[in-house]
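Worksheet: the structure to be examined is printed underneath.
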Amino acid sequence: MSGNIFSPESEQLAPIPRQGAKPIIESQTKTPAPGLFAGRFKTDFGIVFSGKSLSVVLGFVTTLLIARNFSDAEFGIFSAALVVMQTAAIIASLALDNGLVRYLSLYLETDRPRAARMLAVAIRIRLASGLAVLVGGYFLSPLLAVGLFGNKPELITPLRLAFAGAFFLSLRGLAVSVLQSYRRFFSLSVVELVGPAAKVLAVIALLFAASLRPIPVLVLYAALPLLSAVIGSLLLPRHPPEAGGGRRDVFLELFHFSKWVAVSYISGAIFERLDILMLTRYMPQMGEVGVYALGYRLVAPLLLVSSSLMLICTPMASRMTTVAEYRNYIASILKITVPVGLFFCILFPFSGPLIGFLFRRPLLETAAAGRVFNILLVGVVIQVIAAPLTLIAYAESKPQILAYADLIRLAVNAAGNYLLIKGALGFPAWGIYGAAAATALTIIAGNAFVLGYVYRRVLKKSNTQLDRLKEEDF
């Protein structure tokens, strides 16, 4: 396969190289096809970006309503419970979603009976793992609240609701992954919009009923992913009858790829939320966690561009096999992400006033949340520019590189939060600012590791191979 992977002709999937496979060299001398925005990609990106944009807007409106009506302590409890819910959902997924997208998107084109067997296996695994998280989390919640989180019994009920929501959230994630494999991005956007739209309406109803408190809101956040999962299942294409044959082969194939992705997912699930978890552990009052969460919630929507590109490019990256395609991909992605990252830098001087206007907090809390936002924004700019480029390691069938990077992120974030929140080993005790600094450093370290590998072991090595081929021809 050569040329632009995003052209309409590329929708006939080429075989994906197995673990350890090397890129094909013979087509590297061909001129890359022009531009990322060609063919179906432009339509898919427009649908996904529009859907995610609307989802982010609805989610942000919901957050504003909640933050304006919660105290700092209540917002801290709410944020900690959401972090636990999202982390537990990723653990319940067993990191199979990326492997499912990788292989299901291939077999839907080349071996539909095998695709049917793989989907059936994935559904059974997800139900079993999700129920295990639900039941285990219910009984672990008291231990987490009074042990891990520093004797905060007020967290017991929120944590139990979080584990229930994690089960439903993992089912929603499975539906999204299957729609992504089919490249049904309009249906995928509908599924992703159902939850935010329902949350806005439900929170407004609670507000008018004078019942906008953490527990009712967490019940909504726990239950609504199930609605999205049901709608997603209804939007799935009708699959052909399952062919005869066992499921052990597809199970082993799925887990063979996903074992490294599992390390990456679980490490990522922890480090991406470790700031709030460790603040909940070390801060004496949940109000400080709530102030940090204000800056965190404001900066999170900026990752919309990065997440949209990752969603669209993941199945496409599975088809890249040549350095020419890698170079075309890098050039095209940077034309999008670099201007976006530079545009985000405009927000640095306006973070404090923006938080004060949106969340209606006192001046001191606004200033503190603004500083948190600015520190996190450094990491977000790096993430927006660099994250889509890391899919080259994914295309090279090297998920272990992404796993190593996430282990590095986890180590850096855990150490940074421990040292900078409480001031251990002679480091300054920066509290919420220390958590933000540790998170920004984590993003920089992880992306630097993956991009270093891409340059040294893929692009630079392939250039050397290509030079040798030219010398032999001469």
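The values are calculated or read from the model by the stated rules, or taken from the named source; none is laboratory data. This structure is a prediction, so every number in the text was calculated from the model and none was measured. Here the Cβ is made from the backbone with ideal geometry for all residues, glycine too, and neighbour counts use every protein chain on show.
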Identify the single condition in (1) out of contact with any Phe, Trp or Tyr (no Cβ under 8 Å at 6 or more places or on another chain); (2) among the hydrophobic types (A, V, I, L, M, F, W, C); (3) outside any loop (DSSP other than H, G, I, E, B); (4) at negative phi that Ala429 does not satisfy, given that it satisfies every other one.
-> (3)
Given the residues Phe359, Phe350, Phe343, which is the only one that is in contact (Cβ under 8 Å) with a residue 40 or more places away in the chain, closer than 30 Å to Leu294 by Cα and among the aromatic types (Phe, Trp, Tyr)?
-> Phe359
Could we say that Ile382 is under 20 Å from Thr280 (Cβ atoms), modelled with pLDDT of 90 or more and not charged (D, E, K, R) here?
-> no
Within region 201-218, considering residues that are surrounded by fewer than 16 Cβ atoms within 10 Å (Cβ to Cβ) and either touching a residue at least 60 places away in the same chain (Cβ under 8 Å) or among the β-branched types (Val, Ile, Thr) (or both), the one farthest from Leu171 (Cα to Cα) = Leu207
Just checking, which of Leu144, Leu161, Leu140, Leu155 is modelled with pLDDT of 95 or more, part of a helix (DSSP H, G or I) and closer than 26 Å to Pro284 by Cβ?
-> Leu161
Is there a residue in region 199-220 that is within 20 Å of Ser79 (Cβ to Cβ), of a type outside the set (Val, Ile, Thr), at pLDDT below 90 and in contact with a helix residue (DSSP H, G or I) (Cβ under 7 Å, 6 or more places away or on another chain)?
-> no
Consider Thr280 carefully, then state whether it is among the polar types (S, T, N, Q), crowded, with 22+ Cβ neighbours inside 10 Å and in contact with a Ser or Thr (Cβ under 9 Å, 6 or more places away or on another chain).
-> yes
Which of the residues spanning region 116-147 are without any contact (Cβ under 8 Å) to a residue 12 or more places away in the chain and among the basic types (Lys, Arg)?
-> Arg124
Any residue in region 399-413 that's modelled with pLDDT of 80 or more: show its pairings with residues that are of a type in the set (D, E, K, R) and not in a helix (DSSP H, G or I) at Cβ separation under 9 Å, as long as the two are six or more apart or on different chains.
-> Arg409/Glu272; Asn413/Glu272
Residues of region 441-458 being within 24 Å of Val380 (Cα to Cα) and surrounded by fewer than 23 Cβ atoms within 10 Å (Cβ to Cβ), in sequence order, are Leu441, Ile444, Ala445, Asn447, Ala448, Phe449, Leu451, Gly452, Tyr453, Val454, Tyr455
Flagged in region 294-330 as hydrophobic (A, V, I, L, M, F, W, C) and more than 18 Å from the chain's Cα centre (by Cα), in numbering order, are Leu294, Met320, Val323, Ala324, Ile330
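State all residues of region 57-82 that are over 21 Å from Leu303 (Cα atoms), polar (S, T, N, Q) and part of a helix (DSSP H, G or I); if no residue qualifies, say none.
Asn69
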Region 284-320, residues that are in contact with a helix residue (DSSP H, G or I) (Cβ under 9 Å, 6 or more places away or on another chain), surrounded by fewer than 24 Cβ atoms within 10 Å (Cβ to Cβ) and not in a helix (DSSP H, G or I) = Gln285, Ser318, Arg319
Can Ile333 be described as assigned to a helix (DSSP H, G or I), touching a Pro at 6+ places or on another chain (Cβ under 6 Å), surrounded by fewer than 22 Cβ atoms within 10 Å (Cβ to Cβ) and among the hydrophobic types (A, V, I, L, M, F, W, C)?
-> yes
